[in-house]
Amino acid sequence: MKIARFLVTLCAVLHVAMGNKLAASYDLDEMTDEPLIGNYPSDESCVLDRDSESGCLCRHYLKEKFITCYDPDTCKRFPRIRFPTFTIRISTTAIKTLKANDLLNNTQLTMFKIEGNDQFSRIEPGAFNGMSKLVNLSITHNRNLVSLEKGAFDGLTNLHTIRLNKNGFLNLKTFTVSLNANSLPKLTHLIITQMPFANVNRDDFEDLVNTTITSLNLFTCRISYIHPESLTPFRNLKTLGLGENNLNTSNVIDVLKVIVQNKIPLDYLSLFNLGFKELPRNLLEVIGKTNITHLTLTKNKFEIIEQFPKMPKITRLDLNEVLALNIVPNAFEFLPNLKNLYLSRNLFSEVPKGARLAQLKNLDISVLKYNGYSPSYFSLYDKAFVNMTNLSVMNLSGNNIRKLSKNVFIGLSNLTIMSLKNSYVFFIENSTFVPLRNLIYLDLSDNRFATRYFEKYLFTGLDKLEVLRLGHCSIGNLQLPQDIFENLRSLKHLGLENNDIKSLPSEIFAPLVNLEMLDLSNNNFNSWDFQLFPKNNKITEFYVSNNKIKNITKSMILDFNKLQMIELSKNPFGCYCSDLAALNEVIEQNKRVAGLLKQNHLNCSFPQEYANLTILEYLEHVNNTEQCVNVLVNNDYVLFIIMGCFLVMFVIIVMYLLRNYFYKCYIGCHKSRDFNKNNVHFEYDAFVSYSNEDHAFVDKLVKTLENNYPHYRLCVYQRDFQIGTLIMESISSSIQKSKKMLLIVSDAYIKSEWCLWEVQAAQKHYLQQNSLVIVKLGDVSKEKLNASLSLLMKTRIYLEWDYKDKKKESVFFRKLRDFLSEPVSIFTIDRNLQI
């Protein structure tokens with residue numbers, strides 16, 4: 001028995017070694033940064049350290065490369081930073097001055113924060129010399145910082161955002177001299193809020209001549225007067241925020257007239273919470289003569305929204321939280337190009353007739369519930385939307401709707417996204433969704449459905465629906481009609497989380513032949529002894545965390561074998577001999593499923609003596625101690641496993657050699673890179689999914705890959721999406737035209753719903769062909785990752801952009817070019833072997 005076990009172990013080791021060799025041929029290892037000073041323990045995620053020289057107590061978040069330093073008693077000078085980081089926060093210290101050499105060893109910083117330091121009073125000229133990588137600077141809540149001198153920001157050649165909120169400045173002139181274009185040649189966003197300025201004088205911004213600023217925010221500054229010519233230095237200004245000040249309409253009118261006279265390209269104006277009790281018609285008439293397309297009047301007080309004057313260029317109007325009870329029928333008659341209307345957090349009892357505009361594409365009448373607030377009854381009358389054939393997105397979340405009749409959505413033939421989340425809906429009539437023949441996304445979560453009313457024809461008409469969210473709906477035992485999903489043939493994502501589901505009926509998901517993701521997390525069901533996905537051949541993601549799964553059955557393993565990602569954490573797994581047979585078979589015969597289980601770090605919940613082991617560690621333990629022998633294996637089975645394992649090794653070696661041979665033939669014989677294995681022509685080498693906040697990096701990426709040999713063509717939405725088309729249609733079309741996909745993952749990316757939708761839309765398409773690669777851009781807050789992206793980053797090797805090392809930059813682009821040059825073929829090696 002010991003010899004047999006040794007041979008099995010040897011076989012497994014050789015198999016892993018061969019996998020590592022194959023993975024190494026792709027050389028897509030994560031790039032890491034070396035520490036600036038000294039070494040740090042790689043097994044620690046956070047280190048608390050007292051800097052003896054400065055007296056500062058610093059908390060180092062090593063994985064996030066974020067450092068925060070504090071101590072109001074002893075921290076009197078800038079601390080010595082011993083760890084590599086992209087973000088430093090100096091808060092609640094006794095530091096008085098940021099001196100010229102303080103940041104000398106931190107030139108790799110991209111974000112710097114000086115916040116809440118009561119004694120901080122000066123930034124010496126030259127303090128930021130060499131800080132060319134800094135893009136975000138926050139200097140806020142420092143009450144003794146009453147001025148900034150010229151040259152204070154010299155060296156910040158790539159800074160694009162600066163926040164100067166709630167410092168000790170008494171007027172603008174005391175610090176605007178430091179914001180000149182010579183010091184800040186790429187500054188685009190200037191945020192100055194919570195200051196007691198009272199007035200904006202004519203010469204307050206005179207030092208900003210030739211500035212590149214496009215966005216100016218002056219919220220909550222107690223401003224009662226702005227000199228009409230004070231904003232003329234902002235020749236590129238597109239966004240102006242004047243909310244929560246004490247301005248009168250005549251003063252704002254004078255400012256806008258000067259902006260128009262000087263041809264300043266302003267297109268977004270926020271008049272948030274300026275105390276308007278009725279529509280300021282004279283001001284709106286002036287706005288109607290400008291180039292402003294986006295107007296925000298949020299948190300003013302308009303009980304009845306009266307008719308707006310002629311405003312032909314307005315395309316987006318924000319009237320959120322204005323406490324409106326109604327809208328007159330002709331309120332927006334003179335806004336012919338209004339496409340986006342936001343009316344959330346108001347007091348409507350129905351969709352007002354004045355908001356039922358034929359030209360609208362986006363309508364938001366949602367209500368947020370807080371402090372136990374429950375909205376009054378909200379009526380959805382039959383055929384209320386009959387003329388709204390252009391509407392694409394509608395949000396009715398939070399209203400007290402209760403019932404949906406079969407005639408309520410007539411007219412919404414082009415609606416693609418609808419949210420009815422948390423709307424007290426308990427009854428939906430059969431065929432209600434028939435008019436929504438182009439609906440792609442439907443959110444019905446947080447409603448308490450009476451499932452006895454669920455019938456076969458409930459979802460009839462939703463032939464194109466791809467996402468259905470039914471989380472928190474009190475569905476209970478999922479005792480729905482077996483054919484409830486019969487009409488959802490296009491469905492890709494189904495959410496049934498938090499429903500107290502106690503059992504899983506067989507065949508209920510069988511009609512969902514295109515299903516890719518199923519979320520059954522936070523329910524109460526146990527293991528299942530039948531296949532959930534016998535006909536769901538496209539399923540790749542499955543979330544069943546926080547249920548009552550105690551063991552893994554053979555049927556479950558057959559389901560798992562189809563997956564790329566699975567989340568099984570927080571289940572009370574039992575580690576007993578009776579549960580080991582199926583698991584042992586997985587370990588010995590199905591390395592991919594074993595890998596999925598290993599990634600989940602599943603712990604034994606009982607018996608108590610094994611509570612600190614994962615189930616795979618427990619299996620190894622009982623093998624090594626020869627426990628449960630009769631349950632696990634016999635000698636013939638062991639020999640069969642050994643023979644099979646060596647056969648698999650032989651096939652892998654042959655496939656590896658053949659792969660290299662055919663790959664070389666492919667490269668030598670085919671100069672064109674844009675054909676896949678079905679000889680289908682691709683318009684792009686790769687589709688780039690990214691947040692608009694990361695456009696600077698994407699611009700560099702595009703220039704490097706498109707302008708240098710070999711030339712690649714990338715699909716980026718700012719350049720390549722056709723104007724006038726729906727965003728979802730453009731994304732789907734571009735994915736089909738692109739051979740591969742690059743995910744530019746950053747903190748901004750994971751906050752963007754559209755970016756995360758792109759991940760969901762493309763995941764199956766690219767993962768099947770191993771044609772997706774992740775580029776990690778700067779620090780990414782892992783706790784903010786959604787489940788899909790978190791598991792994707794765990795199971796795929798990603799490239800990391802190095803901000804400070806030019807040598808690594810060339811390595812980065814070489815590896816990226818290697819990835820783009822790989823053919824999409826059956827010889828592509830599964831990169832999961834690199835984990």
Open item on the list: Looking at the range 75-101, I want the residues that are at positive phi and in a strand (DSSP E or B) and have a partner that is crowded, with 18+ Cβ neighbours inside 10 Å and among the polar types (S, T, N, Q) with Cβ atoms under 9 Å, at least 6 apart or on another chain. Which pairs are those?
Closed with: T92/N117
Open item on the list: Go through the range 587-604 and report how many residues are free of Cβ contacts under 8 Å to residues at least 40 places away in the same chain and over 31 Å from the mean Cα position of the chain (by Cα).
Closed with: 3
Open item on the list: Where the second residue is buried (at least 20 other Cβ atoms within 10 Å of the Cβ) and aromatic (F, W, Y) and the first is more than 20 Å from P196 (Cβ to Cβ) and lies in the range 154-170, which pairs have Cβ atoms under 6 Å and are six or more apart or on separate chains?
Closed with: G155/F128; L156/F128
Task: Matching option when the condition is buried (at least 19 other Cβ atoms within 10 Å of the Cβ) and either within 19 Å of S691 (Cα to Cα) or at pLDDT 85 or above (or both), among K815, K740, K776 - done: K740
Task: Selected residue [in a loop (DSSP other than H, G, I, E, B), hydrophobic (A, V, I, L, M, F, W, C), surrounded by 15 or more Cβ atoms within 10 Å (Cβ to Cβ) and touching a residue at least 40 places away in the same chain (Cβ under 8 Å)] from I508, I539, I552 - done: I552
Open item on the list: Which numbered condition in (1) within 15 Å of L820 (Cα to Cα); (2) surrounded by 19 or more Cβ atoms within 10 Å (Cβ to Cβ); (3) at pLDDT below 80 is the only one that Y709 fails?
Closed with: (2)
Open item on the list: Step by step: first the residues of the range 418-433, then only those that are part of a strand (DSSP E or B) and out of contact with any Ser or Thr (no Cβ under 7 Å at 6 or more places or on another chain), then the one that is nearest to L458 (Cα to Cα). Which residue is that?
Closed with: I428
Open item on the list: Give me the residue from the range 334-346 that is farther than 19 Å from N291 by Cα and touching a Gly at 6+ places or on another chain (Cβ under 9 Å) and, out of that set, surrounded by the fewest Cβ atoms within 10 Å (Cβ to Cβ).
Closed with: S344
- [ ] Out of the residues in the range 439-476 that are in contact with a Phe, Trp or Tyr (Cβ under 9 Å, 6 or more places away or on another chain) and of a type in the set (S, T, N, Q), state the one that is modelled with the lowest pLDDT.
- [x] S474
TODO: Among residues belonging to the range 490-505 that are hydrophobic (A, V, I, L, M, F, W, C) and closer than 19 Å to K421 by Cα, point out the one that is surrounded by the fewest Cβ atoms within 10 Å (Cβ to Cβ).
DONE: L494
- [ ] Determine whether the range 359-381 contains at least one residue that is on the phi > 0 side of the Ramachandran plot, surrounded by fewer than 20 Cβ atoms within 10 Å (Cβ to Cβ) and not basic (K, R).
- [x] yes
- [ ] Would you check if L134 is within 27 Å of the chain's Cα centre (by Cα), in contact (Cβ under 8 Å) with a residue 24 or more places away in the chain and not in a strand (DSSP E or B)?
- [x] yes
Open item on the list: So for the range 231-242 (the condition being modelled with pLDDT of 95 or more, under 16 Å from F169 (Cβ atoms), crowded, with 19+ Cβ neighbours inside 10 Å and within 32 Å of the chain's Cα centre (by Cα)), does at least one residue qualify?
Closed with: no
- [ ] Could you tell me whether P228 is part of a loop (DSSP other than H, G, I, E, B) and either touching a residue at least 60 places away in the same chain (Cβ under 8 Å) or under 28 Å from K301 (Cα atoms) (or both)?
- [x] yes
Task: Scan of the range 261-314 for residues that are in contact with a helix residue (DSSP H, G or I) (Cβ under 8 Å, 6 or more places away or on another chain), more than 19 Å from L237 (Cβ to Cβ) and not in a loop (DSSP other than H, G, I, E, B), ordered by number - done: N282, I305
Open item on the list: Which count do you get for residues in the range 157-178 that are in a loop (DSSP other than H, G, I, E, B) and touching a strand residue (DSSP E or B) at 6+ places or on another chain (Cβ under 7 Å)?
Closed with: 7
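Rundown of residues vs (1) closer than 23 Å to L777 by Cβ; (2) at pLDDT below 95; (3) of a type in the set (D, E, K, R); (4) out of contact with any Gly (no Cβ under 9 Å at 6 or more places or on another chain), yes/no style:
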{"residue": "R50", "(1), (2), (3), (4)": "no, yes, yes, yes"}
{"residue": "K63", "(1), (2), (3), (4)": "yes, yes, yes, yes"}
{"residue": "F66", "(1), (2), (3), (4)": "yes, yes, no, yes"}
{"residue": "Q108", "(1), (2), (3), (4)": "yes, yes, no, yes"}
{"residue": "S121", "(1), (2), (3), (4)": "no, no, no, no"}
{"residue": "L148", "(1), (2), (3), (4)": "no, no, no, yes"}
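Restricting the range 779-812 to residues that are hydrophobic (A, V, I, L, M, F, W, C) and within 16 Å of Q108 (Cβ to Cβ), which is modelled with the highest pLDDT?
If we take residues in the range 779-812 being hydrophobic (A, V, I, L, M, F, W, C) and within 16 Å of Q108 (Cβ to Cβ), then F812 is modelled with the highest pLDDT.
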- [ ] Would you point out the residue of the range 296-313, among those that are of a type in the set (D, E, K, R) and surrounded by fewer than 16 Cβ atoms within 10 Å (Cβ to Cβ), that is nearest to the chain's Cα centre (by Cα)?
- [x] K301
Open item on the list: Checking E626 against (1) modelled with pLDDT under 75; (2) among the acidic types (D, E); (3) assigned to a helix (DSSP H, G or I); (4) loosely packed, with under 14 Cβ neighbours inside 10 Å: exactly one of these is not met. Which one?
Closed with: (3)
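The values are calculated or read from the model by the stated rules, or taken from the named source; none is laboratory data. Small disclaimer: the values here were computed from a predicted structure and weren't measured. Neighbour counts are summed over all protein chains in view; Cβ atoms, including those assigned to glycine, are modelled from backbone coordinates with ideal geometry.
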